[in-house]
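Only one structure is covered here, and it is reproduced in the block below.
The values are calculated or read from the model by the stated rules, or taken from the named source; none is laboratory data. These figures come from a predicted structure and were not determined experimentally. No Cβ is skipped: glycine too gets one built from the backbone with ideal geometry, and neighbour counts run over all protein chains shown. Side chains included, ligands, DNA and RNA excluded: accessible areas come from the protein's heavy atoms. Shrake-Rupley method; radii C 1.70, N 1.55, O 1.52, S 1.80 Å.
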Amino acid sequence: MTISALRLDCGELVVSRRGLLGAAALTGLAGAGVSTELAYAAPGYTGDTLVVLSLHGGFDGLSALVPIGDPDYYKARPAIGVPKAQVIAGDGTFGLHPALAPLLPLWTSGKLAGVHAVGQPDPTRSHFAAMEAMENAAPGTSLRTGWLGRMLGVTGATGALAGVSVGAAMPDRLFAGPAPSVSMASLDKFTLAGDSASRPRAAALRAMYADAPLLQALPAQAADQALTASAAVRASAYTPANGAVYPDTELGAALRDVARLIKAKAGLVTAAVDCGDWDMHEGLGTAVKGQRMYDNLTDLALALAAFAADLGPDGMSSVTLLTISEFGRRVQENGSRGADHGHGNAMLLLGGNVRGGKVYAKWPGLAPGALVAGDLAATTDYRSVIGEILQKRCGVGSLAQVFPGVAPSSFGLTTAR
């Protein structure tokens, strides 16, 4: 017994064949370009659109949200530490890296916040293992699904574009599981490979499975629905609103597509975007333009600022964006003016209902005796931060269905819907 498998190749849907291991599995290719399974949850979703931005490579939270009130920070980083005189929005304890200046209006208006000393319960310095664990987010269990996939299942969202990963790097494991999800390099390139007026492959695919048994037809139906829904979004030319100018970067393009999907009311519940190049073992640099961390943070800030401007206050009132990274960097700078793989890290939260303008933290300190194998101790599970947002903004009643054994944080990061 076989089933059509649908995946993405450079932003295009292509059709291949794979064996169906058993009808009970109903796996519409978890982790592939389009995944689908029979779903019986009630349709409809009224929570925030959750945007998950993965800062892949090991984001250095100690550079982005600088612990200016901790003297051990400057002892450990004499060359790459961000001087107190250069931080912005400093409160005596923390301050923002100066490259985040494009985000300062969002910070001062209370729409942007940070959470520090976050991390995974089972730290590892392996990129692959850490990313796999972070996207699965269920250590110690038999669950092999991704936490965004589980979140979609809990909310009952079954639309063709309910879960979308956007960009060249596609964090498919976040969506692994039965809930419908789509991966696209870009919205404008999301087409069936080879489809044209002279070769109407999409129509042929539709006709081929029109009378097929449901289990065989499901992947093709999901692909058809995703193609139709995305084509409807593309039908009108798009111009960012409110003077928003996205940087000419992969991240800028991906967030522009996410904003476009949100404003088109295409049924987007959650979007995943991956932004890499944070693995700075060398040349992290000082806090001036032309240095690697400074320039990367500038690109990040410009993209986030454009995204918020494009959506405007009304649009952002029902959107929450958060950043995650597989691990942080070590506290002590290395001999190459970089920092090696570490543990404790920082997250950014952006949204119309975020209680921003501050860094939330159970700060353990950076004194040698407070470190964990040379790393910032993670005093807050990153899942509890997300859990607070899921419960307050996304209507997830039972957090255990998404993050088994995890309680939401009590920071008060956002208002409840």
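Numbers below:
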read-out: Lys189 accessible area, assembled protein chains, probe 1.4 Å, Å²; value: 130
read-out: Sum of side-chain charges, Ala133 neighbourhood, beta-carbon under 14 Å (Lys, Arg +1; Asp, Glu -1); value: -1
read-out: Mean accessible surface per residue for the chain, computed with a 1.4 Å probe while every protein chain stays in place, in Å²; value: 39
read-out: Among Met316, Thr249, Gly335 - extreme Cα towards positive end, dipole of the chain, charges at beta-carbon; value: Met316
read-out: About the Cα centre, charge dipole magnitude for region 184-316 (Lys/Arg +1, Asp/Glu -1 at Cβ), debye; value: 520
read-out: Extension gain, Arg125 back to Lys265 (0.36 nm per residue minus Cα-Cα distance, nm); value: 46.4 nm
read-out: Summed residue charge, Cβ within 11 Å of Met208's Cβ, Lys/Arg positive, Asp/Glu negative; value: 0
read-out: Cα→Cβ-extended label distance, 7 Å offset, between Arg417 and Ala231, nm; value: 3.1
read-out: Rounded, prolate or oblate (a/c below 1.5 giving rounded, otherwise prolate when a/b exceeds b/c) for region 276-417 by Cα gyration tensor; value: oblate
read-out: Net charge dipole size for the chain [Lys, Arg +1 and Asp, Glu -1 on Cβ; Debye, nearest 20]; value: 560
read-out: Cα centroid separation, region 87-144 to region 180-250 (Å); value: 33
read-out: Estimated distance in nm for a label pair at Ala400 and Asp295, the labels positioned 7 Å out from Cα along Cα-to-Cβ; value: 5.0
read-out: Gaussian network model of the chain, Cα within-10 Å springs - most flexible of Gly315, Gly374, Gly335; value: Gly335
read-out: From the C-alpha gyration tensor of region 343-404, square roots of 5λ in Å; value: 27, 16, 7
read-out: FRET efficiency estimate (nearest 0.05) - Cβ-Cβ, Ala193 to Arg355, R0 60 angstrom; value: 0.85
read-out: Using a Förster distance of 25 Å, the FRET efficiency for Leu104-Asn242 (Cβ separation, nearest 0.05); value: 0.90
read-out: Anisotropy class of region 284-333 from Cα gyration tensor, a/c 1.5 cut; value: oblate
read-out: Accessible carbon and sulfur surface of the chain relative to its total accessible area, %, 1.4 Å; value: 55
read-out: Dipole of region 48-197, positive direction: furthest Cα of Gly92, Gly156, Gln120, with charges on the beta-carbon; value: Gly92
read-out: Charged-residue dipole, Cβ positions (Lys, Arg, Asp, Glu), region 287-363 about Cα centre, Debye nearest 20; value: 360
read-out: Two-site label geometry, Leu214 and Lys84: point separation in nm, points 7 Å out along Cα→Cβ; value: 6.7
read-out: Entry for percent of Cα pairs over 39 Å apart (calculated from the structure that is shown) out of (1) 30; (2) 15; (3) 19; value: (3)
read-out: Computed helical MRE - 222 nm, the chain, DSSP H runs ≥ 4 contributing -39500 (n - 2.57), nearest 500; value: -8500 deg cm²/dmol
